[in-house]
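Some notes on the structure that comes next.
The values are calculated or read from the model by the stated rules, or taken from the named source; none is laboratory data. Nothing here was measured: the structure is a model prediction, and the numbers come from that model. Note: ideal-geometry Cβ built from the backbone for every residue, glycine included; neighbour counts use all protein chains shown. We work out accessible area using only protein heavy atoms, side chains counted, and drop any ligands, DNA or RNA first. Shrake-Rupley method; radii C 1.70, N 1.55, O 1.52, S 1.80 Å.
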Amino acid sequence: PACAVQENVLQRVLQLPVVSSTRESLQRTYASTKEAHPLVASVCDVYERGVQGAGALALRSVEPVVRRLEPQREFAVANDLACRGLDHLQEKIPALQYPVDK
């Protein structure tokens, strides 16, 4: 299905079973590795704080641009084209509709 008015292609990709199950699997592996190895956990904690700070900065920097582009037709057209491309991929690659373990 094409993207709804409020939905964007990124949201659709993140909701694909293959993507969401992969993300969940990686999160479980990451958490168990941190629990099993205290030194790795301390390095990961420092890294996570850095990534969160950089992400927040990037979001603040990009937000005004996205807010300005969002209502414009070009953004909607690009999103619609990307959604159509995703529709095509989902048709041609049925495995995208299944979790990784299947």
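Descriptive notes on the structure:
- Helix 17-36 axis versus longest C-alpha principal axis of the chain: approximately 20°, rounded to the nearest ten.
- Ranked order, Y30, Y98 - accessible area, probe 1.4 Å, largest first: Y98, Y30
- Rounded to the nearest 10 degrees, the angle from helix 73-92 to the longest Cα principal axis of the chain is 70 degrees.
- Cα gyration tensor shape for the chain, rounded if a/c is under 1.5, else prolate or oblate: oblate
- The peptide list 50-62, 32-44, 80-92, put in order of mean Cβ contacts within 10 Å with the highest first, becomes 80-92, 32-44, 50-62.
- Degrees, to the nearest 10: 38-69 long Cα axis against longest axis of the chain: 20
- The chain: most fluctuating residue of R28, R12, R67 per GNM, C-alpha cutoff 10 Å: R67
- From its DSSP helices (H runs of at least four residues, each -39,500 (n - 2.57)), the chain gives a residue-normalised ellipticity at 222 nm of -26500 deg cm²/dmol.
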